[in-house]
Amino acid sequence: MRLRSAVAAVAVAVLLPGLGTAFAEGEVDYSARERELGRAAMDAKRMTFTGDAERGWGLFREKGCIRCHAVWGQGGDSASDLGRTRTLGHVAAGQLAGIMWNHVPRMWERMEEGGIELTPISPEEMSHLFALLLFIRYADEPGDPIEGQRALERHGCDHCHSINDNGETVGPDLAKWSRFVNPVVWAQKMWSHAADMQETMEEEGIAWPRLEGDDLNNIVAFVRSRAFSEKKEYLAPGSIARGKKLFSSRSCATCHIDSDEEGNSVGPNLEEIELPSTLSGVAAQMWNHAPEMLEEARAGGEADTEKLEAQEMADIITFLTARRYFLSEGDPEAGQKVFFVKQCVVCHAIDEQGGRVGPRFNPLRGNASPVLMAHVMWRFGPRMLGEMADRGIPWPHFEGSEMADLIAFLNEETRSEKD
């Protein structure tokens, strides 16, 4: 699949009929540009799982993004509300970088019209913005109280719990939890009492409730509508970095990543399964598997599952969603086609094949990432747009997995050794 294959050579010859002359006449030293690109690539890759959503929110305001984009109604209205984009479904970081590339020419035009200065965004800052966008994508929108009441009745929660002293008293009055806005807090409290709840439910002949879809989010909305508390307690956005450490230190990987000689893991392999699209959905899935996890813990000599604080659960869930968000793999062969079809090869070379208007892409091998592609777009995009306009090259538009495929192609370290 290497770039200097016969097909690729023909493509280069068609796209760049004067390539040999350009090399002969060019006297620009590209080494400095390539070193800068290589450093940025390493920085962006290293920071993939260190982004912080709270810092991203600060940058979102500081860089002027909020003047055009709103988040759940807070901000400008001249561009899309980034909190109302669930109709797009799951969007991996590679796809997000492609969407950003698609829209920046119009974005820059509007910024110029509005007198908004284009300020630099470093790889570290871009990682924080990506963490914010991840949080926005997976954060829970307000639930439906009516559906929540139905879910409570359907799952038999009212057999043990009351609301404002109205109902059974086997378990705690749910009104006491009404101040907790985040469904993840509810999941954590349920998780902490899972062993006691299982024992009581078995004695009462009640089946373990299996939460579906937005059940947990809707239940929270219903309880809060019946037992409104002026005091509201929120969790901080989950931290990818903290979640990664907790996933290891709390031995989650022992059951959910590590496998035996036959490739089997104790629990579902969280690197492979499809996760729900919201934080509460992931929390509900953890709750659904609590009986099996309790059984495994007891088989291993433990009386209960690992105890987690609410923020710790939020951090772990954020890390798991981030893995899905950032680690979606592209197809290198499809990415090679993108490299030619989008005419990247006209200005950029790999090894010595391609244009030399911009730096070679060799320094990206093994380090290309969505965060890098977004940083490069923002850092060099305006100049690229001018160069492309001069040469009659349209700005690239990425569909589906094309950006992820291109990243996979740029990361193919053994490309130059293949036939």
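Using only the Cα atoms of the chain, what do you get for the radius of gyration and for Dmax, in Å?
Spelled out, the Cα radius of gyration and Dmax of the chain are 25.5, 86 Å.
With a/c under 1.5 counting as rounded, go ahead and sort segment 140-282 into rounded, prolate or oblate using the C-alpha gyration tensor (a ≥ b ≥ c being the square roots of the eigenvalues; past the cut-off, prolate if a/b is larger than b/c, else oblate).
On the way: a/c = 2.12, a/b = 1.52, b/c = 1.39.
Verdict is prolate for segment 140-282.
Under 1.5 on a/c is rounded, so check that first for segment 328-419, then, if it is not, pick prolate when a/b is larger than b/c and oblate when it is not; a ≥ b ≥ c are the square roots of the alpha carbon gyration tensor eigenvalues. Intermediate values should be presented prior to the final figure.
On the way: a/c = 1.58, a/b = 1.32, b/c = 1.20.
Here segment 328-419 falls in the prolate category.
Going highest first, how would you order 96-109, 40-53, 361-374 by mean Cβ packing within 10 Å?
361-374, 40-53, 96-109
Could you give the angle, 0 to 90 degrees to the nearest 10, between helix 145-154's Cα long axis and the longest principal axis of the Cα atoms of the chain?
For 145-154 against the chain, the angle is about 60 degrees.
Which order, highest average first, do 289-298, 400-409 follow once you tally other Cβ atoms within 10 Å for each residue and take the mean per peptide? Provide the component values of the computation, followed by the final result.
On the way: 289-298: 15.3, 400-409: 23.5.
Descending mean neighbour count gives 400-409, 289-298.
Could you work out how much longer the chain between residue 122 and residue 80 gets when fully extended? Use 0.36 nm per residue separation minus the Cα distance between them, nm to one decimal. Show your work: numbers first, answer last.
Numbers: separation 42, 0.36 × 42 = 15.12 nm, distance 2.37 nm.
12.7 nm is the gain from fully extending residue 122 to residue 80.
Between segment 301-371 and segment 161-221, what is the C-alpha centre distance in whole Å?
So the separation of the two Cα centres works out to 39 Å.
For the peptides 274-282, 380-388, what is the packing order when you average, over each peptide's residues, the other Cβ atoms within 10 Å and list the highest mean first?
The densest-packed peptide leads the list: 274-282, 380-388.
Just to be sure I understand: with springs between alpha-carbon atoms less than 10 Å apart, which residue in 358, 301, 238 has the highest mean-square fluctuation in the Gaussian network model of the chain?
301
Read-outs: derived from the displayed coordinates by stated rules, not from any lab. Remember, it's a predicted structure, so these values are computed and weren't measured experimentally. Virtual Cβ from ideal backbone geometry, glycine too; neighbours counted across all protein chains shown.
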